[in-house]
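I have placed the structure first, in the form of structure tokens, so that the comments after it can refer back to it.
Where a number appears in this text, it was derived from the coordinates with a stated rule and is not lab data. Just so it is clear, the structure is predicted and the values come from calculations on it, not from any experiment. Virtual Cβ from ideal backbone geometry, glycine too; neighbours counted across all protein chains shown.
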Amino acid sequence: MNKPPRILSSVALASLVFWPALAAADPVDVVVPAMPLEKAVRLLSQATGKRLEVSRELAGEVLVVSASKVEPDELLARVASCLGATWRDDGSKLTLVLTDAQRKEQRDAELAWRQRAAEAAIQKLSEPLAKHPTFDAKAIEEARQGGGVPAMGGGGFSPMAMAQLGRNLIAGNPASPTGRAVARLARLIGSKTLAMLGDGERLVFSTRPNAMQRSFPNGSLPILNQLIAEQAKWAEANNAVNDEAGMERLLGALFGGTRTAVAGSPSKALLAVQRQRLTDGYEFRLTLFDQEGKEAFSDGLTMLLESSPLNLLDSLGTATAPGQEIRLSPLSAKLLGVLRGLSSIALGGAPSAAIDDELAAVLRRPDEYEPLSFFHGEAFAAVAQAYGRNLVACVPDAAFSASLFLPPGQKLTVESFLKSLQDLKLMSLESDDRWIVARPTRPWYQRMQRQDRRALAGLIASVRTDGTLRLADLAAYALGNPPLLENPVASLYATLSLPGLAANPSAMQWDLLRFFGSMTASQRQMALNGAEIPLRSLTPNQRAMVWRMAYLPGLFGMSGLRVQAQRQSNPFAALRTEPTELLPNGIPAGAFVRVTVQRTQVVVNGGASAGGLRLFSALGAEELGAMQQLREDPTLGAMVGAFLPNWQTFRVGEKLQYQFLFQLTPEVSLTGMLEDVDVPEGAPAVRFDQLPQAFRERVQRTREQMKQGAAQLGSILGGGQAPPRP
């Protein structure tokens, strides 16, 4: 093992520049465990004898160094090369900075990366089309075998099959008429146009565009006509097939994948394209309208980039090749065990995640204990040792995902660690006979996505002693930080250290959280009093938040913050209403926002927090009944029991649901909901039998309803026949 693999090649190390300001010095040994540069430069200063500083822009970059018998000037040159930065010498100190030219180079490289990734995805999406230019019987049969819902035979659904189902529903079927049409249209739109879309941004093409849309590319009309013809063949071929289509049609109505012919004679077409961060792909949704403006056809798919984590599902259950095991510290081994517990359900095993007091204390302070310093930093040190090279690595937050796809029971080896970085296209490695330099594949983008450790630690510290997180604290955090669930470090720490966040709908409505956090005391008081707040009275920043909520829907074109027409014939269509059609000229001046508050009795944990995951912080009666029943179920309890609360005592409080109504026009509204929990100070901890009687009755009623449905649910999951109704 004396030659490290070349994962991706970027900047050649031969281009290193050594500056004359650094005089020759004795070789040094340097070990920098994974830590932010603002801390790492202190160790580098001690090792090199130089006064070193780092710019604010680079201060949060996480650096790993493992070097022996190296010249100080060479060491610092390697660090600068790893970051694509420069040491600026002012005569008294060296400061690591990005020059304007380097900053531009990294931004240009990011755009080029996006364009290459989009082009490769278009080529991948076009493979069924290239194989079968004509949608003949063979093409139809192969399309029927691709994507969709797996057969529910006698063996039932395995957890892995369910994961594959989720991937298929998101990605769609590229061999279907919709997939073929989208592939053709994507080639006309071009990778350059797609690359310009940032996370969450979208374009809407129309055959009759308004001010918020753009025209279809030249050559699109024959593609749309071909879609109509191929969809008719697709519908005819599927009409006579019984493939348990009841479930498939239900899921198809929600996620796309329709197998029905285009209704009537379409007179208008829309194509919405949105860059999705969570799936790492481009979502396409194609809709045709008839002469009366009614929806005649709607379907979509997501064109996944090669770097999408959804592309790794096929390899999750496979064993990794043998290699040199990475010996982890006890604390890193504990954290890895938690991650494996989180992934075990998806792989068919029982979770075994446990968080003891030591690990819990570390997870509460990401500002003091660098999240990437555990098995990630230790893994890079093991890479250096295994290949007998000096190593310097700049580790992006995205590398945290490399650990999330390690199957339970498998050893963490040098080879599996490097392979995970390769599969996810997270980092590039360059090596010569003395050095390994590991750098982010997308340095500019990944720097912008890095989680602020101090802000995250502050949010974790705001959790109250009863285990609840107040809405005001979460909203204040949202104002200055990206969504928790979009950064792997923040997502894991939030799941493990913020009770109830994973089940809190507020975490999925970041723009509304930001809007709430930006409201002044007088605005909040007006809203809580039921007053209508004109949008024209809002600040420009607040109006921009409303614009984003209105025009940038979530995954599958859906969102809890959705634009709704008042009259909808299809309940699923209400979730996918095209905002550029409903609001063709922007948000009118007469729009207003109104808030109503609903209060529900809930309970929180009344005892000391036990080890393990705390995914729930407050439960209503129906939720508590469901959790109790699931824990007692012999099958489901073994699978999900570690994730469910097992409280012995309770404190009674209230859940406050803030229902936001943005009335944009007399016919169009934007709605969203945020949740808060209020438990009175000094509320006593009581046993279940001391809870209010009405609350206990609702718990028991829920449990009875679940018992009645358990046999049928178990039959479905097990692939058997449901028992007859009594």
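Overview of results
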| read-out | value |
| --- | --- |
| Of all DSSP beta bridges in the range 380-453, antiparallel share, percent nearest 5 | 55 percent |
| Counted charge near Gln385, where neighbours are those whose Cβ lies closer than 11 Å (Asp, Glu -1; Lys, Arg +1) | +1 |
| Surrounding net charge for Gly200, when Lys and Arg each add one and Asp and Glu each subtract one, Cβ distance under 9 Å | +2 |
| For the range 382-480: rounded, prolate or oblate by the Cα gyration tensor [a/c cutoff 1.5] | prolate |
| Lysines whose Cα lies under 28 Å from that of Lys707, excluding same-chain neighbours fewer than 8 positions away | Lys655 |
| The range 477-540: relative contact order in percent, alpha carbon pairs under 8 Å with at least 6 residues between | 29 percent |
| Low-density loop cleavage sites - trypsin sites (Lys or Arg not before Pro) in the range 421-483, where at most 16 other Cβ are within 10 Å (DSSP) | Arg434, Arg464, Arg470 |
